[in-house]
């Protein structure tokens, strides 16, 4: 892939809403314990013993979007629309609902989600099965479509170039980068909002609880560490504004990072009955492919933003693959220790953390190695639950053309 310039970041996360608040949250995270691991807010946690969750606490879309047009907007859609609005604003493309650069027909979106608006899906299924399909709320039905949230974002922010939703589990946010590169190569857009979103719902929690994948109540949350006993679910949305080489300069904007390499791989499970299969081979192959695409060596990577989530069956294969590719001394950080397991938003949240580190924030929640004195290049890894893995390489513009 050609180097893609990062000119904006919009994020709604447990660490903060907006790039500045998020970077401040990243900085605080390196100075002490995080305070986001409180009870779930979006559903009644009492029935499950008062679970912990990494949620965007106190989130109200009205703060950023106003009072109108929100009646049928569910949580995933609200997270997505706010993040895309902040991304376009940070990149200098839009402000107060007006275009400042490029134009609606030259800007689009490539989004990722693993489960979509799962809350709406389960609600409509419950009504159809326990009552009668005639009682379905037609205003909520559109939210059941996997690309509904991205569609709302395009309508809200007037993004007319293209609208794509990638659904590939945890790696989807990174795979959206490749999707964006292909559309740039076809001349379909001059800027794309690329990232992902996931919202915590009761149904998602129950599914992972039944799998025994969640950290027990009262136990510490330790992604990537030998004492880890499970994952902590999270939520949020993150979108980076990507532009082709020279795009930022052409419109008088500044690129503060580049995405210079992408890799992906898949290894099927040995048996069809396996529900969770983490592939060390696929992770290593994806990392090497990203390095090759970036024309970089493992020694040039300062930090790896790993996908480790606290679930040993996933963490161990990933860490083994990273040690194989990079050796035992590379700095491996765990963004999910700060933001939880964000599923289809994993890659996007990892890229957001990488952008913060490239901007001068010291990486926190390091599970291997030591934080570098200066972060100039980061590999973000996203490991899927069924044998998939993807990786991208980001670097500071100081190392390449901006």
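Could you go through the range 125-135 and let me know if any residue there is over 30 Å from residue 387 (Cα atoms), part of a loop (DSSP other than H, G, I, E, B) and in contact (Cβ under 8 Å) with a residue 24 or more places away in the chain. So far as the range 125-135 goes, no, none of its residues is over 30 Å from residue 387 (Cα atoms), part of a loop (DSSP other than H, G, I, E, B) and in contact (Cβ under 8 Å) with a residue 24 or more places away in the chain.
Candidates are the residues of the range 290-301 that are assigned to a loop (DSSP other than H, G, I, E, B) and in contact with a helix residue (DSSP H, G or I) (Cβ under 8 Å, 6 or more places away or on another chain); the one that is surrounded by the fewest Cβ atoms within 10 Å (Cβ to Cβ) is 297. Taken together, the residues in the range 143-170 that are touching a residue at least 40 places away in the same chain (Cβ under 8 Å), surrounded by fewer than 19 Cβ atoms within 10 Å (Cβ to Cβ) and in a helix (DSSP H, G or I) amount to 1. Being more than 27 Å from residue 190 (Cβ to Cβ) and either modelled with pLDDT of 85 or more or touching a strand residue (DSSP E or B) at 6+ places or on another chain (Cβ under 8 Å) (or both) is a property that does not hold for residue 33.
Note on the range 41-64: residues that are modelled with pLDDT under 85, closer than 21 Å to residue 120 by Cα and buried (at least 20 other Cβ atoms within 10 Å of the Cβ) total 1. Provide a single number: the residues in the range 104-136 that are out of contact with any helix residue (DSSP H, G or I) (no Cβ under 6 Å at 6 or more places or on another chain) and under 21 Å from residue 9 (Cβ atoms). Here the count works out to 4.
Can you tell me which residue in the range 65-84 is surrounded by the most Cβ atoms within 10 Å (Cβ to Cβ), limited to those that are touching a helix residue (DSSP H, G or I) at 6+ places or on another chain (Cβ under 6 Å) and part of a helix (DSSP H, G or I)? Full working, then the answer.
Kept after step one, since they are touching a helix residue (DSSP H, G or I) at 6+ places or on another chain (Cβ under 6 Å), are these residues of the range 65-84: 74, 76-77, 80-82, 84.
Next cut, part of a helix (DSSP H, G or I) only: 76-77, 80-82, 84.
Details: 76: 28, 77: 27, 80: 33, 81: 27, 82: 27, 84: 29.
Checked the range 65-84; the qualifying residue surrounded by the most Cβ atoms within 10 Å (Cβ to Cβ) is 80.
Is it the case that residue 367 is surrounded by fewer than 24 Cβ atoms within 10 Å (Cβ to Cβ), in contact (Cβ under 8 Å) with a residue 60 or more places away in the chain and assigned to a strand (DSSP E or B)? Quick ask: steps written out before the conclusion?
On the way: surrounded by fewer than 24 Cβ atoms within 10 Å (Cβ to Cβ): yes; in contact (Cβ under 8 Å) with a residue 60 or more places away in the chain: yes; assigned to a strand (DSSP E or B): yes.
Yes: the conditions hold for residue 367.
The single condition among (1) part of a helix (DSSP H, G or I); (2) buried (at least 24 other Cβ atoms within 10 Å of the Cβ); (3) modelled with pLDDT under 95 that residue 313 does not meet is (2).
When residues of the range 217-261 are filtered for being more than 27 Å from residue 377 (Cβ to Cβ) and not in a loop (DSSP other than H, G, I, E, B), how many remain? Qualifying residue count, the range 217-261: 2. Residues in the range 37-62 that are touching a strand residue (DSSP E or B) at 6+ places or on another chain (Cβ under 8 Å) and either not in a loop (DSSP other than H, G, I, E, B) or not assigned by TED's automatic domain parsing to the domain that holds residue 199 (or both): 39, 52, 54. All but one of (1) modelled with pLDDT of 95 or more; (2) out of contact with any strand residue (DSSP E or B) (no Cβ under 7 Å at 6 or more places or on another chain) hold for residue 91, so report the exception by its number. Looking at each condition in turn, residue 91 falls short on (2). Residue 328 falls short of the stated requirement of being more than 22 Å from residue 292 (Cα to Cα), outside any strand (DSSP E or B) and in the same structural domain as residue 288 (by TED's automatic domain parsing).
Conditions (1) surrounded by 21 or more Cβ atoms within 10 Å (Cβ to Cβ); (2) in contact with a strand residue (DSSP E or B) (Cβ under 6 Å, 6 or more places away or on another chain); (3) in a loop (DSSP other than H, G, I, E, B), marked per residue:
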residue: 179; (1), (2), (3): no, yes, no
residue: 182; (1), (2), (3): no, no, no
residue: 189; (1), (2), (3): yes, yes, yes
residue: 193; (1), (2), (3): yes, yes, no
residue: 196; (1), (2), (3): yes, yes, no
residue: 209; (1), (2), (3): no, no, no
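The set of residues from the range 262-289 being part of a strand (DSSP E or B) and under 19 Å from the mean Cα position of the chain (by Cα) comprises 262, 263, 264, 265. Taking residue 294, is it closer than 27 Å to residue 227 by Cβ and either assigned by TED's automatic domain parsing to the domain that holds residue 149 or in contact with a strand residue (DSSP E or B) (Cβ under 9 Å, 6 or more places away or on another chain) (or both)? In short, no.
The values are calculated or read from the model by the stated rules, or taken from the named source; none is laboratory data. Given the structure is predicted, the values throughout are model-derived calculations rather than measurements. In this analysis, Cβ positions are derived from the backbone assuming ideal geometry, glycine residues included, and neighbour counts consider all displayed protein chains.
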